[in-house]
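Quick one: the structure is below, questions incoming.
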Amino acid sequence: RVTRPRGGVAVIVRAIDMPWWLNLPLRPALKTKLEAPGWVGSGVAAQGCGDASIYQRFRRAGLTQLSLFPHLVSVTKADPRFAMFQQQYLAMLDGEEAIEWRSAVAEAEADGTFFMAQPFHCAVGIKP
């Protein structure tokens, strides 16, 4: 959570240039493929921002007392996006990979440890 300072600006954007994090027991090659930036989630609108350029944009806008940082947000079964993200992952897998995914999900769900972490870029600054 980012608290906006008085007279300040706070922005949190989906990071399409940072890897996701999956808490699943997958073989390294598949885990690397699935956690790669840009595979899951939505894109960026025209003239929008979904990458680390938000930091330079804040500086160029003349904001001061900058606090700039990446952030991971846990996505669990309680989050309505959880099922959608799982479907997006499954859609990019071939047959063997999908079998491995389903097996890993079943194992992690049985342990109660399955979650994903979605990356964001955060920027807070003060208007001079």
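Here, each number is a calculation from the coordinates, and none is a lab measurement. All figures in this text were calculated on a predicted structure; none of them were measured in a lab. All Cβ positions, glycine included, derive from the backbone under ideal geometry; neighbour counts span all protein chains shown.
Could you go through the stretch 113-128 in sequence order and give the Karplus-derived ³J(HN,Hα) for each residue, using 6.51 cos²θ - 1.76 cosθ + 1.60 with θ = phi - 60°, rounded to whole Hz, and x for Gly and Pro?
These are the phi-based 3J(HN,Hα) values: 10, 7, 7, 10, 10, 8, x, 9, 10, 10, 9, 10, x, 9, 6, x Hz.
Given an 8 Å cut-off on Cα distances and at least 6 residues of separation, report the relative contact order of the stretch 1-104 as a percent.
Answer for the stretch 1-104 is 28 percent.
Taking every Cα atom in the stretch 71-119, find the radius of gyration and the maximum pairwise distance Dmax, and write them in Å.
Over the stretch 71-119's Cα set, Rg and Dmax evaluate to 11.2, 33 Å.
While we're on this one: Determine by what factor the alpha-carbon radius of gyration of the chain differs from 2.2 N^0.38 Å, reporting the quotient.
Rg over 2.2 N^0.38 Å, computed on Cα atoms: 1.24.
Then there is this: So, counting K/R as plus one and D/E as minus one, what does the shell of residues with Cβ under 15 Å around F114 add up to?
-2
On to the next question. Along the stretch 59-66, what does the Karplus equation 6.51 cos²θ - 1.76 cosθ + 1.60 (θ = phi - 60°) give for ³J(HN,Hα), rounded to whole Hz, x for Gly and Pro?
5, 5, 6, x, 6, 10, 6, 5
Related question: How far is it, in nm, from the label point at I12 to the one at L93 when both lie 7 Å from their Cα along the line to the Cβ?
Each label point lies 7 Å from its Cα, and together they span 2.8 nm.
Something else: If amide hydrogens are placed 1.01 Å from N in the peptide plane, which non-local residues have theirs closer than 5 Å to the one on V75?
M116, A117, Q118
Have a look at A83, A46, L34 and report the one farthest towards the positive end of the charge dipole of the stretch 34-128, computed about the Cα centre with Cβ charges (Lys/Arg +1, Asp/Glu -1).
Checking the options against the dipole of the stretch 34-128, the answer is A46.
Still on this structure: Applying the Karplus parametrisation 6.51 cos²θ - 1.76 cosθ + 1.60 with θ = phi - 60° to the phi angles of the stretch 13-20, what ³J(HN,Hα) value in whole Hz is obtained for each residue in order, glycine and proline being reported as x?
10, 4, 9, 8, 10, 10, x, 6
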